[in-house]
Amino acid sequence: MTKILQAEGNVGIEDTGDNTFVFEFQSSRYRSRALKESPWNFFRNLLIFKEPIGLKSLRLMDFEETTIWVQFHNIPLAFMHEDILLKLGRQIGMVVDLYRGENGLLQGRFARIRVRINITQPLKKCIRICAMRDEDDTIVLLVYGILPDFCYACGRLDHVYRDCEDD
Ligand SMILES: [Zn+2]
């Protein structure tokens, strides 16, 4: 884990049970990076970093939400505008960031939107949009930036297929 974080010798890790760990960073630089780039893909497991707030006990901390970059493919060029992309992003979660190219433009083969999602809810695979009246709907395909092992049956990130309790 410390190799993946590139913080060897700078972090202590303690297993506190229930699939939670306490990381103690020697350096605020590594700590900030771990938080900023969360979630991490650790051998195909989703690793979510959260900063403890106040005196909140570890048991009360919520790890059900994380932010993730999502690619939105097949968007009509006329829809590649900030306000429309924000609306599309809000269909899967709370929008945190919108990627712009080096020239500051949103144009490209696809849009990249960073979204806060609830990992206990099924991932959406696509969004249907109506580009023009009297025309067929357009299907916008979603590609998630970090894909750890997840449940292929119900689409949730917090367990794998063999542990699925969904009928
Ligand atoms: Zn499942």
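The values are calculated or read from the model by the stated rules, or taken from the named source; none is laboratory data. In this text the structure is predicted, and so the values were computed from the model without any measurement. Note that we place each Cβ from the backbone using ideal geometry, even for glycine, and neighbour counts take in every protein chain shown. Accessible surface areas use protein heavy atoms only, side chains included; no ligands, DNA or RNA. Shrake-Rupley method; radii C 1.70, N 1.55, O 1.52, S 1.80 Å.
Computed 3J(HN,Hα) for region 14-21, one whole-Hz value per residue from the Karplus formula 6.51 cos²θ - 1.76 cosθ + 1.60 where θ = phi - 60°, is 10, 7, 9, x, 6, 6, 10, 9, glycine and proline marked x. For the pair LEU86 and ILE4, label points projected 7 Å from Cα toward Cβ lie 3.4 nm apart. Taking 37 °C and 0.692 mPa s as conditions, the chain diffuses translationally at an estimated 182 µm²/s according to Stokes-Einstein applied to its Kirkwood radius (Cα pairs). Accessible surface computed residue by residue for the chain, with neighbouring protein chains in place and a 1.4 Å probe, gives 69 Å² per residue.
Among rounded, prolate and oblate, which fits region 65-144 when a ≥ b ≥ c are the square roots of the eigenvalues of its C-alpha gyration tensor, a/c under 1.5 means rounded, and a/b larger than b/c means prolate?
Details: a/c = 2.07, a/b = 1.18, b/c = 1.76.
Oblate shape, in that a/c is at least 1.5 and b/c is the bigger or equal ratio.
Neighbours of CYS154, meaning other residues whose beta-carbon lies under 13 angstrom from its beta-carbon, give a summed charge of -1 when Lys and Arg score +1 and Asp and Glu score -1.
With a cut-off of 19 Å on the backbone N, the residues of region 82-97 near the modelled label site 7 Å out from ALA131 along Cα-Cβ are 82-89. For the pairs LYS56/LYS124; LYS87/LYS125; LYS87/LYS124, flag any whose C-alpha to C-alpha distance is greater than 23 Å. Distance filter (> 23 Å) returns LYS56/LYS124.
With all protein chains in place and a 1.4 Å probe, the accessible surface of the chain carries 48 percent carbon and sulfur. The calculated FRET efficiency for GLU14 paired with TYR152, based on their beta-carbon distance and R0 = 22 Å, is about 0.10.
Within the straight-line cut-off of under 17 Å between alpha carbons, the lysines reachable from LYS50 are LYS36, sequence neighbours fewer than 8 places apart in one chain being disregarded. Annotation for ARG29 and ASN41: the two label points, set 7 Å from Cα along the Cα-Cβ direction, are 2.7 nm apart.
Once backbone amide H atoms are built at 1.01 Å from N, MET94 has ARG116 as its partners under 5 Å, excluding neighbours fewer than 5 places away on the same chain.
Residue by residue, region 27-35 carries 3J(HN,Hα) couplings of 10, 5, 4, 5, 5, 4, 5, 4, 5 Hz when phi is fed to the Karplus relation 6.51 cos²θ - 1.76 cosθ + 1.60 (θ = phi - 60°); x denotes Gly or Pro. The phi torsions of region 44-50, fed into the Karplus equation with coefficients 6.51, -1.76 and 1.60 and a -60° offset, translate into couplings of 6, 10, 7, 10, 9, 8, 9 Hz, rounded to whole numbers, with Gly and Pro shown as x.
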